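Undergrad: The structure follows.
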Amino acid sequence: MKAFNNLTDFSNEEIQALIELAVRLDSNPEPEALKGKVLSLLFLSPSLRTLASFQAAMTRLGGGSFVISPEMSIHGIESRPGIVMDGAAAEHIREAVPVIASYGDAIGIRAFAERKNIEADMQENEFSALTDLIDTPYINMESAMNHPCQNLADWKTMDDLNVPSNGGKFVLSWAYHPLALPLAVPASTLHMAAKRGMDVTVLRPEGFELPAALMEKANTIAAATGGSIKETDQRAEAMEDAHIIYAKSWSSTRHYGDKLNDQKLREQHLDWCVDEPWFENARNDCRFMHCLPVRRGVVVADNILDGPRSVVIAEARNRMLAQMAVLHQMLGNQK
Amino acid sequence: MKAFNNLTDFSNEEIQALIELAVRLDSNPEPEALKGKVLSLLFLSPSLRTLASFQAAMTRLGGGSFVISPEMSIHGIESRPGIVMDGAAAEHIREAVPVIASYGDAIGIRAFAERKNIEADMQENEFSALTDLIDTPYINMESAMNHPCQNLADWKTMDDLNVPSNGGKFVLSWAYHPLALPLAVPASTLHMAAKRGMDVTVLRPEGFELPAALMEKANTIAAATGGSIKETDQRAEAMEDAHIIYAKSWSSTRHYGDKLNDQKLREQHLDWCVDEPWFENARNDCRFMHCLPVRRGVVVADNILDGPRSVVIAEARNRMLAQMAVLHQMLGNQK
Amino acid sequence: MKAFNNLTDFSNEEIQALIELAVRLDSNPEPEALKGKVLSLLFLSPSLRTLASFQAAMTRLGGGSFVISPEMSIHGIESRPGIVMDGAAAEHIREAVPVIASYGDAIGIRAFAERKNIEADMQENEFSALTDLIDTPYINMESAMNHPCQNLADWKTMDDLNVPSNGGKFVLSWAYHPLALPLAVPASTLHMAAKRGMDVTVLRPEGFELPAALMEKANTIAAATGGSIKETDQRAEAMEDAHIIYAKSWSSTRHYGDKLNDQKLREQHLDWCVDEPWFENARNDCRFMHCLPVRRGVVVADNILDGPRSVVIAEARNRMLAQMAVLHQMLGNQK
């Protein structure tokens, strides 16, 4: 495996093999599998779960990792091409990224969307500019539109819960949040659920539609896997017989990169905080999923997070296990 | 061992076994003992020795660790129950702590006292609120009133020096410091020395008495171990025939949480800086102990720290060895 | 090996043995060589390559490391002798350095020059004050005038490229940079190239001469190895038949520690940005070396860095390999 960049680059069989490997590594640890192997971790955007779970994953497999984040280096890192570097930044990504990659057998990179231009973000211009600099195997630790480690962990979480793939009903719901957040999790989660063959409903207020190209890709995937894709702003309709509600806030796509108008629009939807009444028409065992961090009382009510519906801690632990499987496949067969 | 939270939870035999294990691991390293095991390190309060010594300890036993500290996560961590999280904090301890714990086989947690209400701090309300969230084995890396890793290291340091337990004379002395520091080290050190069966004198100016409940607990412990507890503000009396002076500054208990009055009172005692004249009536080989960091020329004179009385570097190194023993017992027998 | 402080402390045979070991460890990994061994990493000055490459090196050899940097400890570290510590700093290097060292089997220390007094910096007063506090084997990760890990990596890089030692022509060139940078890299690189037996030309504008004592040492070394040392401000003359141009900016030695006059002088030399015309009289295969980080369009033109002359990424990767050899020799034979 040269890259783990987008879950939809892999076949369902490859995904199931990764999940089986994750399950096996949980019950039968392999603390010698990656002996002496190094994972470089480059965070151009902040992290808690990703930072911790990748370090833990490498240790469990007998290897190790190191972390580079912008606040650790007082140099500052420049990314603009052709710039005369007479300002604050002392280093350019054209040197920093290949050097950091050269110390590892693989590199994980996190770089959130710029959120200025939705087309540029959808084309992953920024992330590609980084990975184009290296030949080292790499893992996408969240880019503008992708978060494959989260997707794989979420798929495994649903397998662990015996949520059906074909016939399973998955609601991806927008929720209120005071900030305009990236599209990486909703976009890649939509594709993950479609890929799993589920009946997916995107529940969101007007102005927060996911981009048409993403919806089309989801439809194409669903057509191949036996799933389906719907979009609505009607909560009761969306939640009917749902197995899963996956909550996440994201930027207004109508006002992408326009903080002021985004804020005006989102503040009309303060009531989009997932709470027990949402589940009226859902299955009794409908579960609540979220990638974390989550704002209590804003995105979701305390009683949901603290009650039996929530599987957010299991999801987060599955991040580590999913990543162990990816690392094992990526690095375990190297000479 | 499910928790290493308070040294007084353990019998003297259990403590001696830990110290023997620490000695053995120093002379006979076991770099495979914790192969593939992960220690999560959560610092809600700052650290240098604890941070470094736990990472080194896990490496020496063949495992690894990762560190989460508030300044590393730009999210900010909320701890108030039932709060609507529409401010700066993006994550609540109710998610963060279980997730961080889930990546490790054990978790170390550091959270200093709030120092607003002495009763709340003595009940360890804040630390318990964290450990109540998890089932993972945990290590107290300093809470409001406990610092068991320091206590175990200090006990071992006195064993290394052949300081007698019964009959050994231990002076726990307040010292001047410009800031109002927590009670964790003096409180838990008092109990450690009592538990070791020593004759303990708490030497402090008026207004800096240790809380009555702590003194009572010390007396109860001493009654069982053959030790004794005294309290005085008379230096010469306290130091008579002392084997050990253990210096530490702490908050005024008379003005707990009241910075202004605490400061007024402590500034009357600028002369509480341990220096050679203090040792006039002590044993010739009376040693100076301190948990570090220590302010030179404020808490203790340079000539003491740089002279033969000081054992502070050995104490600090024993932190690592003591923690290796705890980690070996906690994680070494897991499947 | 008790210390790796200065490349010129080692014979050419010892250096070649280290480089052969580095080559061997690259092709034949030894992930058990330093099992359970700990390297303490103390950064009193910032770092990216050194931070990452030492952590990776220890992992590849089966050991581990921990990092202490000033911004991680809110305590603050005092270094002045005899000071009364009633200000912000809570800890003195006299405790911090021995304690940090005591957790490792070896310690790496980085502390840049103060750049107030050139004589004090040339005597390595500050770095010696740190290493005098410890008995642990130590590695100089860059001090006022030394950067032996960089030097060893650079030597290996030239070996990898089959650049001749005797007869090889090495140009150490000053370049423009908006800040007054330390002398550690130019000083130690000059001695490295002389030690390798090369014909070395120091190319720099007036006012940026390397100190006479450093030039004399270089001459003494060159006399023993069959190399030679020249100094000039004439670019064409310096570059004639050059195998290597090693670019680096450094402080004005005429105005050392005097920022205002240093800046005035350096700003007269904005044209000292290495570009293709510099290579007119050089060998066709003349290579560009730099220790990184490097400012594009300021120190060197993009087309050089992005073209076939540049070996800066290989140099940086050799940092890790060189350090693996040093660590293997320093720690591999301990019981």
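Undergrad: Over the whole of B:31-39, what's the average partner chain Cβ count within 10 Å per residue? Rounded to a whole number, please.
TA: 5
Undergrad: Scan around C:Phe4 for amide H atoms under 5 Å from its own, H built in the peptide plane at 1.01 Å from N, and keep only partners 5 or more places away or cross-chain.
TA: Counting only residues 5 or more places away or on other chains, the set is C:Tyr138, C:Ile139, C:Asn140.
Undergrad: Summing Lys, Arg as +1 and Asp, Glu as -1, what charge do residues with Cβ under 11 Å from the Cβ of A:Leu181 carry, A:Leu181 excluded?
TA: Details: positive: A:Arg115, A:Lys248, A:Arg266, A:Arg295; negative: A:Asp262.
So the surrounding residues net to +3.
Undergrad: Let me cross-check C:Leu270: its accessible surface, 1.4 Å probe, with only protein heavy atoms counted, in Å² to the nearest 10?
TA: For C:Leu270, solvent-accessible area is about 100 Å².
Undergrad: Do you know the relative contact order of chain B, to the nearest whole percent, from alpha carbon pairs under 8 angstrom that are 6+ apart?
TA: Computed value for chain B: 20 percent relative contact order.
Undergrad: Still on this structure, please answer the following. Mind running the shape call on the protein assembly as shown? Use the C-alpha gyration tensor, a ≥ b ≥ c as the square roots of the eigenvalues: rounded below 1.5 for a/c, prolate if a/b tops b/c, oblate otherwise.
TA: It is oblate, given that a/c is not under 1.5 and a/b is not larger than b/c.
Undergrad: Further, regarding this structure: Relative contact order for the stretch A:188-335: what is it in percent, counting Cα pairs under 8 Å that are at least 6 residues apart?
TA: Dividing the mean separation by the residue count of the stretch A:188-335 yields 20 percent.
Undergrad: Take a quick pass over chain C and tell me how many lysine pairs come in under 15 angstrom between Cα atoms, counting only ones 8 or more apart or on separate chains.
TA: Step by step, the pairs that qualify in chain C add up to 10.
Undergrad: Then there is this: With a 1.4 Å probe and all protein chains in place, put C:Met122, C:Met198 in order of accessible area, largest first.
TA: Listed by decreasing accessible area, they come as C:Met122, C:Met198.
Undergrad: I'd like the mean, over residues of A:43-55, of how many other protein chain beta carbons sit within 10 Å of each residue's own Cβ.
TA: For this peptide, the per-residue mean of nearby foreign Cβ atoms is 5.
Undergrad: Okay, next question. Assuming R0 = 30 Å, what is the FRET efficiency of B:Ala224 and B:Arg24, from their Cβ-Cβ distance, to the nearest 0.05?
TA: Computed FRET efficiency for B:Ala224 and B:Arg24: 0.60.
Undergrad: How much accessible surface area, in Å² rounded to 10, belongs to the heavy atoms of C:Val163 with a 1.4 Å probe?
TA: Counting only protein heavy atoms, C:Val163 exposes about 20 Å² to solvent.
Undergrad: What is the magnitude of the charge dipole of the protein assembly as shown about its Cα centre, with +1 placed on the Cβ of each Lys and Arg, -1 on the Cβ of each Asp and Glu, and no other charges, expressed in debye to the nearest 20?
TA: My answer is approximately 820 debye.
Undergrad: Another question about this same structure. What spacing in nm lies between the two simple spin-label points modelled at C:Asp86 and C:Glu237, each 7 Å away from Cα in the Cβ direction?
TA: Label at C:Asp86, label at C:Glu237, 6.1 nm between them.
Undergrad: Sort the stretch A:162-310 into rounded, prolate or oblate with this rule: let a ≥ b ≥ c be the square roots of the eigenvalues of the Cα gyration tensor; rounded if a/c is under 1.5, and if a/c is not under 1.5, prolate when a/b is larger than b/c, oblate otherwise. Please report the intermediate quantities before stating the final value.
TA: Details: a/c = 1.90, a/b = 1.13, b/c = 1.67.
Taking the square roots of the gyration eigenvalues as a ≥ b ≥ c, the stretch A:162-310 is oblate.
Undergrad: How many Cβ atoms of partner chains, on average, are near each residue of B:283-294 if near means within 10 Å of its Cβ?
TA: Shielding by partners across B:283-294 averages 2.
Undergrad: Let me ask something additional. Modelled label-to-label distance, A:Asp160 and A:Lys264, 7 Å Cα→beta-carbon offset: nm?
TA: The two pseudo-label positions are separated by 4.4 nm.
Undergrad: Among the trypsin sites (Lys or Arg not before Pro) within the stretch C:93-186, which fall in a DSSP loop and have no more than 16 other Cβ atoms within 10 Å of their own Cβ?
TA: Listed in order of number, the matching sites are C:Lys116.
Undergrad: Rounded to the nearest 10 Å², what accessible area does A:Arg309 show when all protein chains are kept and the probe is 1.4 Å?
TA: Approximately 40 Å² of A:Arg309 is accessible to the 1.4 Å probe.
Undergrad: Could I ask something else about it? State whether chain C is rounded, prolate or oblate according to the following rule on the C-alpha gyration tensor (a ≥ b ≥ c being the square roots of its eigenvalues): a/c under 1.5 gives rounded; otherwise a/b larger than b/c gives prolate, and the remaining case gives oblate. If you can, show how the numbers build up before the last one.
TA: On the way: a/c = 1.84, a/b = 1.26, b/c = 1.46.
Because a/c hits 1.5 or more and a/b fails to exceed b/c, chain C counts as oblate.
Undergrad: To the nearest 20 Debye, how big is the dipole of the stretch A:222-307 about its Cα centre, given +1 on the beta carbon of each Lys and Arg and -1 on that of each Asp and Glu?
TA: The calculated dipole for the stretch A:222-307 is roughly 420 debye.
Undergrad: Considering the dipole of the protein assembly as shown built from charges on the beta carbon (Lys and Arg +1, Asp and Glu -1) around the Cα centre, which of C:Thr50, A:Leu34, A:Val274 is farthest to its positive end?
TA: Of C:Thr50, A:Leu34, A:Val274, it is A:Leu34.
Undergrad: With only Lys, Arg, Asp and Glu charged, each at its Cβ (+1 for the first two, -1 for the last two), find how big the charge dipole of chain A is about the Cα centre; round to the nearest 20 debye.
TA: 480
Undergrad: For C:Ser79, B:Ser45, give the ranking by accessible area with the largest first, probe 1.4 Å.
TA: Sorted descending by solvent-accessible area, the residues read C:Ser79, B:Ser45.
Undergrad: Could you go through the stretch A:297-303 in sequence order and give the Karplus-derived ³J(HN,Hα) for each residue, using 6.51 cos²θ - 1.76 cosθ + 1.60 with θ = phi - 60°, rounded to whole Hz, and x for Gly and Pro?
TA: x, 10, 8, 8, 6, 3, 5
The values are calculated or read from the model by the stated rules, or taken from the named source; none is laboratory data. Here the structure is a predicted model, which means the values were calculated and not measured. Counting neighbours? That spans all protein chains shown, and the Cβs are built from the backbone with ideal geometry, glycine included. With ligands, DNA and RNA removed, areas are computed over all heavy atoms of the protein, side chains included. Shrake-Rupley method; radii C 1.70, N 1.55, O 1.52, S 1.80 Å.
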